[in-house]
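A short write-up of the structure that comes next.
Nothing in this text is a laboratory measurement; each read-out follows from the coordinates by a stated rule. Source: prediction; values computed, not measured. Cβ atoms come from the backbone with ideal geometry, glycine included; neighbour counts cover every protein chain shown.
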Amino acid sequence: MQVIGEKINGTRKRVAQAIAERDAEFIQELAQKQTQAGAAWLDVNAGTMPRQEPEDLVWLIETIQAVVDTPLCLDSANPRALEKGIAVVNKTPMINSISGEPARLQNILPIVVAHGCPVIALALDDKGIPQQAEDRMVVIRELMSRTRGQGIEDHRVYIDPLAMTISTNIHSANITLETMRLVRREFPQAHLTLGLSNISFGLPARARINRTFMALAMQAGLDSAIIDPLDREMRAVIITTTTLLGRDRHCLNYTRAYRAGHLES
């Protein structure tokens, strides 16, 4: 399971404040803690101000790279910000994201191709997020056709089937899980990822829902997720589920995690 650390996101009030005030210490602490917790990638989102975003994204990247060498996931729909950001990264970044929306494909896919980046592909188009799994697959098939047509190998594509909150549609989790099973069957070399916490938005005890959904999603084929790597209980769920799914030879990782104290509350 590849964890994409979610905490450096300018849509969060405290992170937005740190960006505005150029509070490098706060951002660097988030980067270090997520890296120490085992994040494979750090998602970097400069916020929602298009004019300021390129400059803010560059500042975030340089600030983070001063203290960690974890690969970055550049989270933006702004092609200018992405180009500026890629110019200063030390390692090839992941791009978050493309979708079936024509503007995103036209403006962002060429950047992915030019720089050889892994890319997150969202199961939505200009009509929005399809309500049923098979309809999401129509969008995903088109996206895979476009990435393949541009020479992007399937293993560099991280398909996000999109988790919508169950508070407004009690079938949302089932739709997402079914989409994942279909993707895994049809595109076995592609990765599956999720902004996992969306599933619990608007409900109490969100962490419990998120952790349970993680176990179900892993069984359906999830192999990466944008989550909080500092959530010890979530890390324990990932380790335990990996073992239960037969992906932990002789339960070695589980027993090592237990001895290291990673499975304790």
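Quick rundown of the values:
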{"read-out": "Every pair of residues 6+ apart whose Cβ atoms lie under 9 Å, when the first sits in region 171-195 and is over 13 Å from A217 (Cα atoms) while the second is of a type in the set (K, R) and in a helix (DSSP H, G or I)", "value": "E186/R141; F187/R141; A190/R156; A190/R184"}
{"read-out": "Subset of region 234-265 (residues that are surrounded by 14 or more Cβ atoms within 10 Å (Cβ to Cβ), assigned to a loop (DSSP other than H, G, I, E, B) and not acidic (D, E))", "value": "H262, L263"}
{"read-out": "Positions within region 188-233 being in a strand (DSSP E or B) and among the aliphatic types (A, V, I, L, M), in sequence order", "value": "L192, A225, I226, I227"}
{"read-out": "Region 38-80, subset within 16 Å of the chain's Cα centre (by Cα) and of a type in the set (A, V, I, L, M), residue surrounded by the fewest Cβ atoms within 10 Å (Cβ to Cβ)", "value": "A40"}
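One line per residue, one yes/no per condition, for (1) farther than 17 Å from I129 by Cβ; (2) out of contact with any Pro (no Cβ under 6 Å at 6 or more places or on another chain); (3) surrounded by 20 or more Cβ atoms within 10 Å (Cβ to Cβ):
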site: E153; (1), (2), (3): yes, yes, no
site: T165; (1), (2), (3): no, yes, no
site: N169; (1), (2), (3): no, yes, no
site: M180; (1), (2), (3): no, no, yes
site: R185; (1), (2), (3): yes, yes, no
site: L192; (1), (2), (3): no, yes, yes
